[in-house]
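The values are calculated or read from the model by the stated rules, or taken from the named source; none is laboratory data. All values derive from a computational prediction rather than experimental measurement. Note that we place each Cβ from the backbone using ideal geometry, even for glycine, and neighbour counts take in every protein chain shown. Note: accessible area is taken over every heavy atom of the protein model, side chains too, but ligands, DNA and RNA are not part of it. Shrake-Rupley method; radii C 1.70, N 1.55, O 1.52, S 1.80 Å.
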Amino acid sequence: VQLQASGGGLVQAGGSLRLSCAASGSISSINGMGWYRQAPGKQREPVVTITSRGGTNYADSVKGRFTISRDNAKNTLYLQMDSLKPEDTAIYYCNAVRTEFPYSFWGQGTKVTVSS
């Protein structure tokens, strides 16, 4: 499985961005996907995950502001980010998991910078 993330950039506080993650390879083996982020000097943390059945789990810090979605026809995962805050500044990574080895795949990351 290969993941290609895009859509990051510089935005003012209160603005919006949409991240995309294009998946290729053994798509049918994927059980779940998600977005994670890593701010400077901090550990990578989950932002939101989505199961193959559509169940979602958002971090409390982004609930009501971020929305995950997917287009199965395009094998693409999205993250709509609204009402962005400076603390959302991070490198955002998409992730895919499955029950066979290798169990987890990561995209290359896309940088989001929110200015105050």
*Which number do you get for Rg(Cα) / (2.2 N^0.38 Å) in the chain?*
1.01
_Rounded to whole Hz, the Karplus (6.51, -1.76, 1.60) HN-Hα couplings of segment 4-10, x for glycine and proline_ = 10, 8, 7, x, x, x, 9
*For MET33, MET81, write out the residues from largest to smallest accessible area, computed with a 1.4 angstrom probe and no ligands counted.*
MET33, MET81
*Counting pairs on different chains as well as pairs 8 or more places apart, how many Lys pairs in the chain have Cα atoms under 21 Å apart?*
6
*Can you pull the accessible area of ILE27 for me, 1.4 Å probe, Å² to the nearest 10?*
50 Å²
*Kindly report the accessible area of the chain per residue (heavy atoms of protein chains, probe 1.4 Å, no ligands, DNA or RNA), in Å².*
55 Å²
*Could you compute the FRET efficiency for LYS111 and SER61, with r as their C-beta to C-beta distance and R0 at 22 Å, rounded to 0.05?*
0.75
*Regarding segment 27-68, what are the three Cα extents along the principal axes, ordered largest first, in Å?*
35, 22, 10
*Kindly write out, for segment 92-102 in residue order, the coupling ³J(HN,Hα) from the Karplus curve 6.51 cos²θ - 1.76 cosθ + 1.60 (θ = phi - 60°), rounded to whole Hz, with x marking Gly and Pro.*
9, 10, 9, 9, 10, 10, 8, 9, 10, 6, x
*Mind grabbing the accessible area of LYS85 for me, 1.4 Å probe, Å², rounded to tens?*
80 Å²
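Just reorder GLU87, GLU100 by solvent-accessible area, largest first, 1.4 Å probe, all chains present.
Largest to smallest exposure gives the sequence GLU87, GLU100.
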